Amino acid sequence: MLNRRRFLTSTAAGFAALHFTPAFAQDAPQLQIFVPAAPGGGWDQTARTIDQVLRSEKLISGSQITNVGGAGGTVGLPQFVNQWNGKASSLMVAGMVMVGAIIANKSANNLTEVIPIARLTGEFEALVVPAASPFKTAADFVAALKADPTQVPVAGGSAGGSDHILFGLIAKSAGVPATNLSYVPFAGGGEALSALLGNQVAAGISGYGEFSEQIKAGALRLLAISADKRQEGIDAPTLKEAGIDVELFNWRGVFAPPGVSDADKASLIKLVETMAKSEAWATECKNRNWTPILLTGDDYAKFVTEDTARIGAILKDLGLA
């Protein structure tokens, strides 16, 4: 089980500016950030936070964010692989969700075709319901699943992603076959949130940060979180406290497109490492309840390979692969 301990376009000449100090920001390159998801979700939030911090730290002169949503990133991934090939000043945001979606959708492309740059954050998931829901606790939710899982539609990200995996693990813990679940996948967190606020689904699962504002406003009720322990400032039990023997952290990171030189890869790693070690990034992570889990280069590549095997085994066990 994934836990906190285990977690514990420009030319090459232009990229020389990435061996920088803030004083040289005016010479820093423009950065292209590719988000293989619709606006509003966790990857989009990560991309925009990266953009914000890089600008505030004067590590780039500017950036452009491109969103291509669909199927847990497997719609956008081929575009990044083929159309962004060799673009040295480019990064794609992705993570555990894409790993699962590639397996579940039997995607023709996978993460071996891109260049791992850095794992950045881990985020626990949240199980929420609309404010008017009859479910007051996670136990109420599980009882309804046991009674008739087809009557408990749950909104989340794309099929095979971390939200879907968590729903399957909750069901398995409760003795409910994953094949009987009613999971409603959405390409972006904004769409899933709309379905929840419109009472079109019984519950929702996503990263806590995607729901936090609506939880604080009272529009959503937080039943439980998938962290390993209670979180400061969050008034909700862990799934384990609620009697559901499940724990899960969703990781996110960045990748370069294929065709990037070793020198440009090193420059991108340096850029992201500098950003991730800044006070501005630490502040954003704290505000968004993201756990910093920086891992770069070859170590990150090894992690992606190992996590792909782990998630594949989970999806097979849940009947999702």
Checklist entry - Does at least one position in region 135-150 carry a residue that is within 27 Å of residue 102 (Cα to Cα), of a type in the set (A, V, I, L, M) and not in a strand (DSSP E or B)? => result no
Checklist entry - What residue, of 79, 64, is open to solvent by 10 Å² or more (accessible area, probe 1.4 Å), out of contact with any Ser or Thr (no Cβ under 6 Å at 6 or more places or on another chain), part of a helix (DSSP H, G or I) and not acidic (Asp, Glu)? => result 79
Checklist entry - How many residues are more than 20 Å from residue 321 (Cα to Cα) and within 18 Å of the chain's Cα centre (by Cα) when one looks only at region 67-93? => result 8
Checklist entry - Could you give every pair whose Cβ atoms fall below 7 Å, whose first residue belongs to region 169-181 and is at positive phi, and whose second residue is outside any helix (DSSP H, G or I) and of a type in the set (Ser, Thr, Tyr), counting only separations of at least 6 or pairs across chains? => result none
Checklist entry - Among the residues of region 106-134, which ones are more than 21 Å from the chain's Cα centre (by Cα) and open to solvent by less than 30 Å² (accessible area, probe 1.4 Å)? => result 130, 133
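Would you check if residue 138 is of a type in the set (A, V, I, L, M, F, W, C), open to solvent by 20 Å² or more (accessible area, probe 1.4 Å), within 21 Å of residue 247 (Cα to Cα) and modelled with pLDDT of 90 or more?
Details: of a type in the set (A, V, I, L, M, F, W, C): yes; open to solvent by 20 Å² or more (accessible area, probe 1.4 Å): no; within 21 Å of residue 247 (Cα to Cα): yes; modelled with pLDDT of 90 or more: yes.
No, not satisfied.
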Checklist outcome for this item: Of the residues in region 73-107, those that are more than 24 Å from residue 302 (Cβ to Cβ) and either aliphatic (A, V, I, L, M) or touching a His at 6+ places or on another chain (Cβ under 9 Å) (or both) number 1
Checklist entry - From the list 222, 197, 169, 239, which one is over 27 Å from residue 119 (Cβ atoms) and at pLDDT 90 or above? => result 197
Item to check | region 183-205, subset touching a helix residue (DSSP H, G or I) at 6+ places or on another chain (Cβ under 7 Å) and within 18 Å of residue 244 (Cβ to Cβ), residue most open to solvent (accessible area, probe 1.4 Å) | outcome: 183
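Give me a count of the residues in region 151-185 that are part of a helix (DSSP H, G or I), closer than 26 Å to residue 251 by Cα and not aliphatic (A, V, I, L, M).
Looking only at region 151-185, we keep the residues that are part of a helix (DSSP H, G or I), and these are 151, 162-173, 178-180.
Those still in the list that are closer than 26 Å to residue 251 by Cα too: 162-173, 178-179.
When the remaining residues are screened for being not aliphatic (A, V, I, L, M), the result is 162-164, 167-168, 172-173, 179.
Result for region 151-185: 8.
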Item to check | Sole residue being of a type in the set (A, V, I, L, M, F, W, C), more than 30 Å from residue 89 (Cβ to Cβ), touching a Gly at 6+ places or on another chain (Cβ under 9 Å) and surrounded by fewer than 24 Cβ atoms within 10 Å (Cβ to Cβ), chosen from 178, 155 | outcome: 178
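The values are calculated or read from the model by the stated rules, or taken from the named source; none is laboratory data. Computed from a prediction, not measured in an experiment: that's the story for all the values here. Using ideal geometry, Cβ is built from the backbone for each residue, glycine included, and neighbour counts are taken over all protein chains shown. With ligands, DNA and RNA removed, areas are computed over all heavy atoms of the protein, side chains included. Shrake-Rupley method; radii C 1.70, N 1.55, O 1.52, S 1.80 Å.
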